[in-house]
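The values are calculated or read from the model by the stated rules, or taken from the named source; none is laboratory data. Just so it is clear, the structure is predicted and the values come from calculations on it, not from any experiment. Cβ sites come from the backbone with ideal geometry, for glycine too, and all protein chains shown count toward neighbours. These accessible areas exclude ligands, DNA and RNA; they are computed on the full protein's heavy atoms, side chains included. Shrake-Rupley method; radii C 1.70, N 1.55, O 1.52, S 1.80 Å.
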Amino acid sequence: QVQLVESGGGLVQAGGSLRLSCTASGSTFSSHTMGWFRQAPGKERECVAAISKVSGRTYVVDSVKGRFTISRDNAKNTVYLQMNSLKPEDTAVYYCATGQTLYPSSWPGSYNYWGQGTQVTVSS
C-alpha cells in the first residue's frame with residue numbers, strides 16, 4: 001500500500017502562482033512514476049504532468065506547457081507541481097498519483113494509488 005498526501009492548493013488570482021506537493025509513504029519501492037491529474041466539474045480527469053522517478057523524464061500536457069513544471073525529490077518521496085501564470089481554466093481538483101511504469105504515463109489507468117485531491121481555484 002502507498003499513501004499519498006497532497007498540499008499546496010488554494011485560491012489565487014489569475015496570473016498568480018501555486019506550488020503543489022505530494023509525499024508518498026508506505027511501500028513505495030515500485031512506485032516508478034508520479035503524476036498530477038486534475039478534474040474540473042463536468043469534465044474528465046486529465047493528466048497535467050508526470051515524471052519518472054528513475055530517469056527524470058517528464059510529460060506535460062500542452063495546455064500548461066511553459067507555465068507548469070513538475071519535479072521530484074526521490075530522497076523525500078515527494079513530487080512537486082509548480083504552477084505559474086495561472087488561468088481561471090486551471091481551476092480544478094488536483095490529484096497526485098503513483099504507478100509502476102518506468103515512463104511518465106499520461107493514462108490514468110497506469111496509476112494504482114491516488115491522493116485525496118486538493119482544490120485549486122483561480123479567480124479572474
Check your understanding: If you line up the Cα atoms of segment 69-124 on their principal axes, what length do they span on each, largest first, in Å?
Key -> 38, 25, 19
Check your understanding: What Kirkwood hydrodynamic radius do you get for the chain when you take the inverse of the mean 1/r over all pairs of distinct Cα atoms, in Å?
Key -> 14.1 Å
Practice item. Please work out the Cα center distance from segment 8-57 to segment 59-124, rounded to the nearest Å. Key: 2 Å
Point to revise | Accessible area in the full protein assembly, largest first, 1.4 Å probe, for Phe68, Phe29 | key: Phe29, Phe68
Practice item. Just need the relative contact order of the chain here, percent rounded to a whole number, with Cα pairs under 8 Å and 6+ apart. Key: 36 percent
Check your understanding: Which Cys residues of the chain have no other Cys Cβ less than 4.7 Å away and so no disulfide-compatible partner by this rule?
Key -> Cys47
Point to revise | Carbon/sulfur fraction of accessible area - the chain, other protein chains in place, 1.4 Å, % | key: 49 percent
**Study point:** Rounded accessible area per residue of the chain, 1.4 Å, Å²
**Key:** 50 Å²
**Study point:** GNM top mover of Gly99, Gly15, Gly26 - the chain, alpha-carbon springs below 10 Å
**Key:** Gly26
